[in-house]
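The values are calculated or read from the model by the stated rules, or taken from the named source; none is laboratory data. Please read all numbers here as calculations on a predicted model, not as lab measurements. All Cβ positions, even for glycine, are placed from backbone atoms using ideal geometry, and neighbour counts span all protein chains on display.
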């Protein structure tokens with residue numbers, strides 16, 4: 001190897017070494033700028049994480065108190081409903097004898113047209129009986145008799 005070749009080889013080696021030094025310095029500078037940001041972000045993240053955890057704990061405490069209040073309110077409502085049911089049962093028991101005194105359990109069936117299609121209300125009305133007499137004899141209300149007569153007038157017209 002001669003002097004010129006060794007000089008060229010030395011120059012190539014020096015340029016490779018210088019460029020690798022520049023690359024290392026650039027990477028080092030970039031790493032210094034990136035890692036402190038991450039460290040700050042992590043420390044800020046820890047603080048925000050702690051604040052979020054505190055908020056979550058507060059929400060949990062509030063939800064527990066709300067659930068206790070809700071269960072208390074539900075128990076009160078259940079007691080109120082039971083009291084109302086008992087009161088209604090008492091009223092039913094007091095009304096039952098009055099209902100039995102009022103009349104039979106199966107009231108007389110209202111007059112309906114016979115098999116031949118004749119209505120006793122109409123027959124009695126045609127015979128000249130007043131509405132009160134028809135309702136008394138057939139065991140139906142005066143309003144029902146009047147309604148039957150009114151309906152027959154409408155359908156006859």
Selection within the stretch 106-157 - part of a loop (DSSP other than H, G, I, E, B), touching a helix residue (DSSP H, G or I) at 6+ places or on another chain (Cβ under 7 Å) and at pLDDT 90 or above: 141
Odd one out for residue 71 among (1) over 46 Å from the mean Cα position of the chain (by Cα); (2) modelled with pLDDT of 85 or more: (1)
